[in-house]
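Values in this text are rule-based calculations from the coordinates and carry no lab data. Treat the numbers as computed from the prediction; the structure is a model and nothing was measured. Cβ sites come from the backbone with ideal geometry, for glycine too, and all protein chains shown count toward neighbours.
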Amino acid sequence: MTERIQTQTITVNGVNVACHVAGAGKDTIVLLHGAGVDSAMLSWGEVIPLLAQHYRVIAPDLPGYGASDRIDGEYSLPFYTDIIKGVIEAFGAAPVILCGLSLGGGITLNTALTYPELAKILIPVDAWGLASKLPWHRFTHWYTRSKLNENIYAWTAKPWLVRWSLETNLIGDKTKVTDEMVAGIQKLMLEPDAGKAFLSFQRAEITPTGLTRDLSARLGEITQPTLLVHGSRDAAVPLKDAIAANERIPDCELYVMEGGKHWPQKERPEEFANAVNAYLQRRLG
């Protein structure tokens, strides 16, 4: 399925960003992956060819992930937002359909709020920033600053632990967690500084009492049509947060992927692509 995807590297604000590109439609979809040890092809590899049948698709590896540069400075929400601004401008694609998973969903929302002219439609998926606090927020804040967090990938990169984590946190249907998936993620976890980017982001964006940038307080300012996609069993970003956000964003619809957790588009790419295509056909005409 990936033979149609081409990779090209562009430079944004001095940072080399690898972008995976497919399709040639009139409208452009930019897909942003999540945090941890994610990358564009890991989260979106199955979805890109499905969407590329109708749209040009650009899926960058965020700095700190995949084939993009690692930086010495702070990985923060404003940093990533400006990188995505540069990506969109480099491809001459504005305004785009901006779709992001988890961390990428937070970047999607922040880009729409900071540079509204860059996006015509938003598709946040189990997105960072839908609520003012994280589940178990005070514990999470402590954990992000602990030595445990600094070494967690190296300590837990065991096949049975990787599988357990996938089944507990990311994938609702255990039969979709393959040995190949487990081995691939284990390999990423063992790479040098595998968790550096996410650790930096967590420390930049999580305060003892909330989030540094409370996107949830600004959801009413979003002017773009928005499709929230959410796994019904997501524990990292509970469904109740998506339901509340759906009420606050002025022009918003919520599509719930029943049984899905925090990686619903990876688990059921065809259902995800069908939901997105149906929404875009209605909104774009």
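For this structure, a couple of remarks:
- Largest-first principal axis extents, alpha carbons of the chain, Å: 50, 42, 41
- Approximating the spin labels as points 7 Å out from Cα along Cα→Cβ, the Asp27-to-Ala217 distance works out to 3.3 nm.
- Size estimate for region 117-236 follows the Kirkwood approach: the inverse of mean 1/r over distinct Cα pairs works out to 16.6 Å.
- Value of relative contact order over region 69-214, rounded to a whole percent, pairs C-alpha under 8 Å and six or more apart: 26 percent
- Rounded to the nearest 20 debye, the dipole magnitude of region 119-164 is 80 debye, with +1 charges on Lys and Arg beta carbons, -1 on Asp and Glu beta carbons, and the Cα centre as origin.
- For the chain, the share of DSSP beta bridges that are antiparallel, to the nearest 5, is 35%.
- Other-chain or far-sequence residues with amide H under 5 Å of Gly100's (modelled H): Leu32, Ile123, Val125
- Inter-site label distance for Thr11 and Arg138 at 7 Å from Cα along Cβ, in nm: 4.9 nm
- Positive contributions from Lys and Arg (+1) and negative ones from Asp and Glu (-1), summed over other residues with Cβ under 14 Å from the Cβ of Glu205, come out at +2.
- A Gaussian network model of the chain, with springs between Cα atoms under 10 Å, assigns the largest mean-square fluctuation among Gly260, Gly106, Gly73 to Gly73.
- The ranking of Leu239, Leu215 by Cβ neighbour count inside 10 Å, starting from the fewest, reads Leu239, Leu215.
- Charge dipole (Cα centre; +1 on Lys/Arg Cβ, -1 on Asp/Glu Cβ; no other charges) of region 1-63 amounts to roughly 200 debye.
- DSSP assigns beta bridges within region 1-116; of those with both partners inside it, close to 60 percent run antiparallel.
- The mean sequence distance of close C-alpha pairs (under 8 Å, at least 6 residues apart), as a share of the length of region 33-125, puts its relative contact order at 27 percent.
- Convex hull of Cα atoms in region 1-84, direction-averaged projection (nm²): 5.4 nm²
- For the chain, the relative contact order is 19 percent, taking Cα pairs closer than 8 Å that sit 6 or more residues apart in sequence and dividing their mean separation by the residue count.
- Net charge dipole size for the chain [Lys, Arg +1 and Asp, Glu -1 on Cβ; Debye, nearest 20]: 360 debye
- Only alpha carbons enter this Debye calculation for region 64-150, each as an equal point scatterer, and the log10 of I(q)/I(0) it gives at q = 0.11, 0.15, 0.27 Å⁻¹ is -0.37, -0.66, -1.36.
- From most to least packed by mean Cβ count within 10 Å, the peptides 198-204, 124-130 give 124-130, 198-204.
- Net +/- balance of residues flanking Thr11 in space, Cβ distance below 15 Å, scoring K and R +1, D and E -1: -2
- The chain: calculated mean residue ellipticity at 222 nm from DSSP helix runs of at least 4, using -39500 (n - 2.57): -11000 deg cm²/dmol
- Taking other residues whose beta carbon is less than 14 angstrom from the beta carbon of Thr140, and scoring Lys, Arg as +1 and Asp, Glu as -1, yields +3.
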